[in-house]
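To keep things clear, I will list the structure first and then write my remarks on it.
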Amino acid sequence: MGKGGGCVPSKKTPPAVDNDNAPVSFRSPNNTLEVQTRDEQLPISTIPIPKLKILIVFYSMYGHVETLARRMKKGVDGVDGVEAVLFRVPETLSDDVLTQMRAPPKDDEIVEISSVDELETADGVLFGFPTRYGSMAAQMKAFFDSTGKLWREQKLAGKPAGFFVSTGTQGGGQETTAWTAITQLAHHGMLFVPVGYTFGAGMFKMDSIRGGTPYGAGVFAGDGTREPTDTELALAEHQGKYMAGVVKKLAQA
């Protein structure tokens, strides 16, 4: 037979596909990818899809930042496919000093972050801290200072990050505390994600004192006894949800 007669199948010819029994994939309600054939008698192959992870890393002396962190986690966890993990940064003050400052004991339910390398495992990070003279508390600064190896190798470059804060008074640094912290992200090449005015009408409320700015959620602690208001907590939850949405979009890009 002449050349190109077609008696011998080409090795490059793909095998025939039985379209009636081709694999079908779909995402199940429990966040797994399930693959099956159209023949319902054949077994279903389930592949778990890992959730995107947002670390909420914070320092809290009197519990105000911790309260925001817990509410922020609720916002993150409410977004399908994303979960939040709470971490406390190490304390730098002695027990004697903390006692004199009347700081309550730390809640053992939230573990202390064991290594800055934990940040590498995150798809996004939310950092929370109280202010000290208009900038972050020394405990959080010490934590950032310990990330030198990650900075040198730019391990955190491209990761989205945001801030939430606590201040004692209305003029105590709700904006400057977050603003001055942006330098930490810039050197790491991280992407600062402000909450902006996405909280809507809640950002314009003037009927009561509330913390929070376009930079992120916030709370006024007063002398340490003032508790976060419903609006301050709602903004924290919104920021968690908003950050989770941003992380999902970046992961799908």
Apart from one, (1) touching a helix residue (DSSP H, G or I) at 6+ places or on another chain (Cβ under 7 Å); (2) crowded, with 20+ Cβ neighbours inside 10 Å all hold for Gln139; the odd one out is (1)
Inset, instruction - Might you let me know whether region 176-185 holds any residue that is open to solvent by less than 20 Å² (accessible area, probe 1.4 Å) and touching a residue at least 60 places away in the same chain (Cβ under 8 Å)? - result: no
Filter region 46-63 for residues that are out of contact with any Asp or Glu (no Cβ under 7 Å at 6 or more places or on another chain) and either among the small types (Gly, Ala, Ser) or at pLDDT 95 or above (or both); the one that is farthest from Met190 (Cα to Cα) is Gly63
Ala142 vs (1) modelled with pLDDT of 95 or more; (2) under 22 Å from Gly124 (Cβ atoms); (3) of a type in the set (A, V, I, L, M, F, W, C): all pass except (2)
task: Would you confirm whether any residue within region 150-157 is among the polar types (S, T, N, Q) and open to solvent by 40 Å² or more (accessible area, probe 1.4 Å)?
output: yes
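Please find, among Lys149, Lys205, Lys155, the residue that is farther than 30 Å from Asp80 by Cα and more than 16 Å from the chain's Cα centre (by Cα). Let's see the steps before the verdict.
Details: Lys205 fails: farther than 30 Å from Asp80 by Cα; Lys155 fails: farther than 30 Å from Asp80 by Cα.
The match here is Lys149.
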Quick count over region 173-186, residues being small (Gly, Ala, Ser) and part of a loop (DSSP other than H, G, I, E, B), is 1
Taking region 61-86 and keeping residues more than 15 Å from Ala236 (Cα to Cα) and crowded, with 22+ Cβ neighbours inside 10 Å leaves Met61, Val82
Considering region 93-135, residues that are assigned to a strand (DSSP E or B), open to solvent by less than 50 Å² (accessible area, probe 1.4 Å) and not β-branched (Val, Ile, Thr), and then whichever is farthest from Gly240 (Cα to Cα), we arrive at Ser135
Among residues of region 66-87 being more than 12 Å from Leu126 (Cα to Cα) and β-branched (Val, Ile, Thr), the residue nearest to the chain's Cα centre (by Cα) is Val82
For Gln170, the lone unmet condition from (1) within 17 Å of Lys53 (Cα to Cα); (2) part of a loop (DSSP other than H, G, I, E, B) is (1)
Has region 21-40 got at least one residue that is farther than 19 Å from Leu235 by Cα, modelled with pLDDT under 95 and part of a helix (DSSP H, G or I)?
yes
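Out of the residues in region 187-224 that are hydrophobic (A, V, I, L, M, F, W, C), open to solvent by 70 Å² or more (accessible area, probe 1.4 Å) and assigned to a helix (DSSP H, G or I), state the one that is farthest from Val247 (Cα to Cα). Walk me through it before giving the result.
Residues of region 187-224 hydrophobic (A, V, I, L, M, F, W, C): 190-193, 195, 199, 201, 203-204, 206, 209, 217, 219-221.
Pick out the ones that are also open to solvent by 70 Å² or more (accessible area, probe 1.4 Å) and you get 191, 201, 204, 206, 209.
Right, trim to assigned to a helix (DSSP H, G or I) and you get 201, 204.
Values: Ala201: 24, Phe204: 26 Å.
Here the residue is Phe204.
The values are calculated or read from the model by the stated rules, or taken from the named source; none is laboratory data. Keep in mind the model is a prediction, meaning the values are calculated, not measured. All Cβ positions, even for glycine, are placed from backbone atoms using ideal geometry, and neighbour counts span all protein chains on display. Surface accessibility is based on the protein's heavy atoms, side chains included, excluding ligands, DNA and RNA. Shrake-Rupley method; radii C 1.70, N 1.55, O 1.52, S 1.80 Å.
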